[in-house]
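Asks: This structure is in structure tokens; I'll ask about it shortly.
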Amino acid sequence: MKVTVPKRIPDMEDIGDGVFKIILPQPFYAPNNIYLYPGNDGLTLIDSGYIESIPLLQASLKTKGFSFKDIRHIIYTHNHLDHISSSLVLKSYAKNVTYYGYRSMADGVGNYLESMMLFEEATEDLFHKAFGDKEELNRILEESRKGWRQFFSKFRETKKGDPVLRIDVAIDHNDSLELGGRLFRFLHTPGHNLYHITPVDPSTGVYFSGDLIIANLTAIYSEMDGSLGDYYFTLSKLLEEPIKRMLPAHGSEIEDPKKTITLVKKTLSILEKGVLRRLREGESDLKVLMEAAIGKKVHNGGHLPTALGLVYSIIQKLVLEGQIRIEKRENGYEVFHIVT
């Protein structure tokens, strides 16, 4: 594999408890944290990043004397493209790797490119719901499609890519496996994603939380593969766990995991009350409710689908509870009303 030498090679940082971390940039969201354990048979990775990040991953490994040939195990927290799309190509170069993921993911994803096309469609549906102004909607759709075209084109550029997602070992909730001489326990933790798992190192109390909590909040793609109800359940179950450290897939280590989990639950409750308060003042749409809850600055980065998805998951919960109703208008646009 020909590697383009980056201007800055990411560090492979020792963060304690036998864990190393590599921070890989990617175009859709905040950079990915890839966690690694050197073991008695090679390297164990928690996620492997976005497809374009493969050269950076290889270059970073090299700084500590490792190569793709040293990777023996890759555990996937879930199937979103910033976590797993590199595997479509990586499996052609790291031939000794065993891949691990939640059983339903192994059975349900199949052709990864086709599954991402469905995800793109769901994202566009969300934009249609949120934006009633056609000019604004078209601008946002074009920006989104540009990113997706970039992903699909990068896969086509690779000569050895295989679109079929490979999972060698299917994981169920509370399974335990020894990898590289280290025992891992696995929790099924849905909410952000149907297939989301949290790998745990019981010997140190380290929990690799994927996308469950990011900067004291989360992303819940209720229109795609997430569930607010599942998320509340997952948070409650995590509060029962003996967590000493929580390492997320994006951003810094969660400093006080139990306190943060409790805070996230409270924040979601506050957001829900804010949606109801706004709708009591009059009808509103997803864009306005999202800006009121999270802020207008979200339009300037790659977080727009995340913010819309989170607020829409709250909308769906309130609809099911009979507290609000949805008025569907032209082109998929939706307006929400309080039920009196």
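Asks: Tell me, what is the FRET efficiency for R156 and E281 to the nearest 0.05, using R0 = 41 angstrom and their Cβ-Cβ distance as r?
Replies: That pair, R156 with E281, gives E of 0.25.
Asks: To continue, here is another question. Given the options G274, H303, S115, identify the residue whose Cα lies farthest towards the positive end of the charge dipole of the chain (+1 on Cβ of Lys, Arg; -1 on Cβ of Asp, Glu).
Replies: Working it through, the farthest residue towards the positive pole turns out to be H303.
Asks: What nm distance separates the two modelled labels at L263 and H173, each placed 7 Å from Cα along Cα→Cβ?
Replies: 2.8 nm
Asks: Taking +1 at the Cβ of each Lys and Arg and -1 at the Cβ of each Asp and Glu, which of I314, I140, S227 sits farthest along the dipole of the chain towards its positive end, judged by Cα position relative to the Cα centre?
Replies: The one lying farthest along the dipole's positive direction is I140.
Asks: Which pairs, out of K297/K328; K95/K258; K259/K328; K129/K273, put more than 30 Å between their alpha-carbon atoms?
Replies: Working: K297/K328 27 Å; K95/K258 39 Å; K259/K328 39 Å; K129/K273 21 Å.
Among K297/K328; K95/K258; K259/K328; K129/K273, the Cα-Cα distance tops 30 Å for K95/K258; K259/K328.
Asks: Counting each pair of different Cα atoms once, what's the Kirkwood radius of the chain in Å, rounded to one decimal? Present the calculation step by step, with values, prior to reporting the outcome.
Replies: On the way: mean 1/r = 0.0480 Å⁻¹.
Computed over Cα pairs of the chain, the Kirkwood hydrodynamic radius comes out at 20.9 Å.
Asks: Next question, about the same structure. Specify the residue with the greatest mean-square fluctuation among E120, E13, E136, computed from a Gaussian network of the chain linking alpha-carbon atoms under 10 Å apart.
Replies: Between E120, E13, E136, it is E136 that shows the largest mean-square fluctuation.
Asks: With a cut-off of 8 Å between alpha carbons and a minimum separation of six or more residues, what is the relative contact order of region 202-315 in percent? Intermediate values should be presented prior to the final figure.
Replies: Numbers: 124 pairs, mean separation 37.8, N = 114.
Rounded, it is 33 percent for region 202-315.
Asks: Order of D70, D107 from fewest to most other C-beta atoms within 10 Å?
Replies: Starting with the residue having the fewest Cβ neighbours, the order is D107, D70.
Asks: A follow-up question, please. Of all beta bridges DSSP finds with both residues in the chain, what is the antiparallel percent, to the nearest 5?
Replies: 70 percent
Asks: OK, next. Positive end of the dipole of the chain, charges at C-beta (+1 Lys, Arg; -1 Asp, Glu), about the Cα centre: which of S176, L56, H80 has its Cα farthest in that direction?
Replies: Result: L56, furthest along the dipole toward the positive end.
Asks: Given a cut-off of under 8 Å on Cα pairs at least six residues apart, what relative contact order in percent is computed for region 131-208?
Replies: On the way: 62 pairs, mean separation 11.3, N = 78.
Across region 131-208, relative contact order equals 14 percent.
Asks: In debye, nearest 20, what is the charge dipole magnitude of region 191-303 about its Cα centre with +1 on Lys and Arg Cβ and -1 on Asp and Glu Cβ, if you could check?
Replies: On the way: 14 positive and 15 negative charges, 90 e Å.
Once rounded to the nearest 20, the dipole reads 440 debye.
Asks: Continuing with this model, one more query. Just grab the label-to-label distance for A292 and R149, each label 7 Å out from Cα along the Cβ direction, in nm (one decimal).
Replies: Reported label-point gap for A292 and R149 is 3.6 nm.
Asks: A follow-up question, please. Sorted from fewest to most neighbouring beta carbons within 10 Å, what does the list L304, L113 look like? Walk me through the numbers on the way to the answer.
Replies: On the way: L304 21, L113 18.
Placing the least packed residue first, the sequence is L113, L304.
Asks: Taking the radius of gyration and the Kirkwood hydrodynamic radius from Cα positions alone, what is the Rg/Rh ratio for region 142-227, to two decimal places?
Replies: 1.06
Asks: Of H299, H196, H188, which has the largest mean-square fluctuation in a 10 Å C-alpha GNM of the chain?
Replies: So, out of H299, H196, H188, the one fluctuating most is H299.
Asks: Shifting gears a bit: Within 10 Å of each residue's Cβ, count the other Cβ atoms and sort S104, S115 from fewest upward.
Replies: S104, S115
Asks: Also, I was wondering about something else. Considering only K273, K91, K297, give the residue with the highest GNM mean-square fluctuation for the chain, with springs between Cα atoms whenever their separation is below 10 Å.
Replies: K297
Asks: Here's another thing I want to ask about it. Can you give the charge dipole size of the chain about its Cα centre, rounded to the nearest 20 debye, using +1 on the beta carbon of Lys and Arg and -1 on the beta carbon of Asp and Glu?
Replies: Roughly 680 debye, rounded to the nearest 20.
Asks: So, one more: Just how far, in whole angstrom, is region 12-30 from region 39-104 if you go by their alpha carbon centroids?
Replies: Region 39-104 and region 12-30 have Cα centres separated by 13 Å.
Asks: In deg cm²/dmol, rounded to 500, what helix-only [θ] at 222 nm does the chain give when every DSSP H run of at least 4 residues adds -39500 (n - 2.57) and the total is split over its residues?
Replies: About -12000 deg cm²/dmol.
Asks: From largest to smallest, what semi-axes in whole angstrom does region 213-340 give when each is the square root of 5 times an eigenvalue of its alpha carbon gyration tensor?
Replies: Details: eigenvalues 157, 53, 32 Å².
Equivalent ellipsoid semi-axes, largest first: 28, 16, 13 Å.
No lab work stands behind these numbers, since they all come straight from the coordinates. Just so you know, these numbers come straight off a predicted model, no measurement behind them. So basically every Cβ, Gly included, is an ideal-geometry build from the backbone, and we count neighbours across all protein chains shown.
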